[in-house]
1. Report yes if A:GLU396 is surrounded by fewer than 17 Cβ atoms within 10 Å (Cβ to Cβ), acidic (Asp, Glu), in contact (Cβ under 8 Å) with a residue 40 or more places away in the chain and not in a strand (DSSP E or B), otherwise no.
2. Six or more apart or on different chains, Cβ under 6 Å: which pairs go from a residue in the stretch A:319-340 that's outside any helix (DSSP H, G or I) to one that's among the aromatic types (Phe, Trp, Tyr)? Could you list them?
3. Where residues in the stretch A:83-122 are under 16 Å from A:GLU225 (Cβ atoms), part of a helix (DSSP H, G or I) and among the hydrophobic types (A, V, I, L, M, F, W, C), which of them is nearest to RNA strand B (Cβ to nearest atom)?
4. For the stretch A:362-379, give me each residue that is closer than 13 Å to A:LEU391 by Cβ and within 16 Å of RNA strand B (Cβ to nearest atom).
5. So which residues in the stretch A:428-454 are part of a strand (DSSP E or B) and in contact with a Leu (Cβ under 9 Å, 6 or more places away or on another chain)?
6. Search the stretch A:211-236 for residues that are under 25 Å from A:LEU22 (Cβ atoms) and pair each with any residue that is within 8 Å of RNA strand B (Cβ to nearest atom) and of a type in the set (S, T, N, Q) when their beta-carbon atoms are under 9 Å apart and the residues are at least 6 apart or on different chains.
7. Considering only residues of the stretch A:522-550 that are near RNA strand B (Cβ under 9 Å from one of its atoms) and not in a strand (DSSP E or B), which is surrounded by the most Cβ atoms within 10 Å (Cβ to Cβ)?
8. Show the residue pairs that are 6+ apart or on different chains and have beta-carbon atoms under 7 Å apart, the first residue being within the stretch A:173-188 and under 13 Å from A:GLN127 (Cβ atoms), the second being among the aromatic types (Phe, Trp, Tyr).
Amino acid sequence: MNNSDSINLNENFLEQIIKNDLSNGLDNTDLRFRFPPEPNGFLHIGHAKSICLNFGFGKTFSAPVNLRFDDTNPEKESTEFIDAIKKDITWLGFQWDSECYASDYFDQLYDWAVMLIKKGKAYVDSQSQEEISEQRGVPTSSGKKSPHRDREVIENLDLFEKMKKGHFKPGDCVLRAKIDMSSPNMHMRDPVLYRIINTSHHRTNDKWKIYPTYDWAHGQSDYIEQISHSFCTLEFEVHRELYDWFLQNIYDEGKLLPKQREFARLNLSYTIMSKRKLSELVESGLVSGWDDPRMPTISGLRRRGVPASAIIAFCEKVGVSKRENIIDFALLDFCTREILNKISYRLMVVLDPVELIIENYENDKSENLVAENNPEDESYGNREITFSKKLFIEREDFKEEANRKFFRLTLGKEVRLKNAYIIKGERVEKDAEGNISKIYCSYDPKSKSGSGSPESLRKVKGTIHWVDKNNYENISVNIYDKLFNSESPDDDKENDFKDSLNENSLKTFNNACAEKNINNVEFDKYYQFQRKGYFKLDSKKSDKIFNRTVTLRDNKKF
RNA sequence: UGGCUCAUGGUGUAACUGGCAACACGUCUGGUUUUGGUCCAGAAGAGUCUAGGUUCGAUCCCUAGUGAGCCAACCA
């Protein structure tokens, strides 16, 4: 039995719905799913949940999954987003069956609208948006009928034709379904099917002056593609009655009727998932772009160094239900570390260097030492690092005096230099401000790592990393922290979500010192800077800028 | 003056559809360890929102209440 095939021991309620339909006569070959993003922004981790869900069903039931762009609003959409979305889904490792666009169905949608008019189930309303909104009323009491509700079919047909041909300005009139102005469901109070928009569409250009609304386009697109199960998030639950009403009115005998079902969207602690708000961060320059490593976008996580497999594992662990939820970001970190621990190459890098001088080491001597590339996997092999009298160590790895919980370098105590020798702190030198500028130590020449000597086997209380001062490379390192201070910035109705932005979410170390092997790093590989966390090259262009993906798990107690 | 949905350890999901609540993250102990990582062993933490009801038996079914979310864009 293959582990990866046995992850989902418990099936979620959506899978139960599918299986139930199957046992009630639906043929397995009728199964078809879809992922329907609007191309008005980049995909985020919440979309990843939906992608894993739909494409996951595609895999478990051997059914096709369409990628459908819900491009019904040219004022907000663009091809830039289409390309980004396709890239992200591909990177996650999923393949769609057909690449579809709601805009491909505009002609069919128009014909169906005409059909509804002829059946007396749709009419052109020439009132203002304000008037329509006012008549719709409030959920707690019934609405009022539009004065145009009972226009003749011929007049409606003529008006709708003119809307299409551009005889009217935006806002002059809309096409509405004639349903029930007293329904307790606001979406059934004569919803709008078409509105006039004078904006060129990224795919149909200037062909259309009228565009279908979400409600009129989505279910019908599902129907055209013969999607068996249309899964969406909870906020669309109240749309379902309308979804079904439309389908009943256009449905052909013998064809499959798509079924909409809803699940709870994903929320991650200390970040936001609203595309509108993410877009605001990008446009205001508060982050460097949609792929800023602090963003919860798929592209941001990718740039930060989170592998696709970690995102998928995360989505599996999160589960699917109808409960409002806030997932602890620690779960994402866990999934990331679990993967990275196994696949990352180890290197030694000192982020905040202070000089260490070994007093009893020969002045001009230099030696080559051996280090493992990945203690989790021998096949990663070893590498050579150089060692000499002067080194850099991490500033925070030394304290003149420390309690016994401090396992690093102090005066008079021994500590091991990773892959090298055991040293003892002797004295420090300080600058005019009192900051430590040099640390002097002595080493035990017989304690060389891997030598097998009794001295090398001696137990010392700690091991620290280091870099040879005579042979290192200078790099820049971006350290990230959570983007927001509030656990749930989306939920704060009182304050602007930007008020809780964490000003310290990015800290850059420009003087980090890395062992020379840093020159061999590859863009598509993952690295661990030992004791400092997992790191990823920021871009293909620069080989000197690294982003910290996540820290190592930390149990220190001092 | 409404409709729909949800309610299980700190967090997220389970519970063979009625048989005294399981898994993961997190937390805490201890062991191993040349990364305070990994790995290994173990612990604490909910009696399932409340009140009734059905039943031999309720997390599960029913009723009422409470709390939370969604719905009044020509956004999706």
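The values are calculated or read from the model by the stated rules, or taken from the named source; none is laboratory data. Predicted model only: the values in this text are computed from it and were never measured. Methodologically, a virtual Cβ is constructed for each residue, glycine included, from the backbone with ideal geometry; neighbour enumeration extends over all protein chains shown.
1. On the way: surrounded by fewer than 17 Cβ atoms within 10 Å (Cβ to Cβ): yes; acidic (Asp, Glu): yes; in contact (Cβ under 8 Å) with a residue 40 or more places away in the chain: yes; not in a strand (DSSP E or B): yes.
Criteria met by A:GLU396.
2. Hits for this filter: A:VAL320/A:PHE263.
3. Here is the first cut: in the stretch A:83-122, the residues under 16 Å from A:GLU225 (Cβ atoms) are A:96-109, A:112.
Now drop any that are not part of a helix (DSSP H, G or I), which leaves A:102-109, A:112.
Filter once more, keeping what is among the hydrophobic types (A, V, I, L, M, F, W, C): A:102, A:106, A:109, A:112.
Values: A:ALA102: 8, A:PHE106: 12, A:LEU109: 12, A:TRP112: 16 Å.
Within the stretch A:83-122, the match that is nearest to RNA strand B (Cβ to nearest atom) is A:ALA102.
4. Within the stretch A:362-379, A:GLU367, A:LEU369 qualify.
5. In the first step, residues of the stretch A:428-454 are kept if they are part of a strand (DSSP E or B); the result is A:428-430, A:436-443.
Scanning the stretch A:428-454 gives A:VAL428, A:LYS438, A:ILE439, A:TYR440, A:CYS441, A:TYR443.
6. A:HIS218/A:THR72
7. Applying the filter and picking the extreme gives A:LYS532.
8. Hits for this filter: A:VAL174/A:TYR194; A:LEU175/A:PHE160; A:LEU175/A:TYR194; A:ARG176/A:TYR123.
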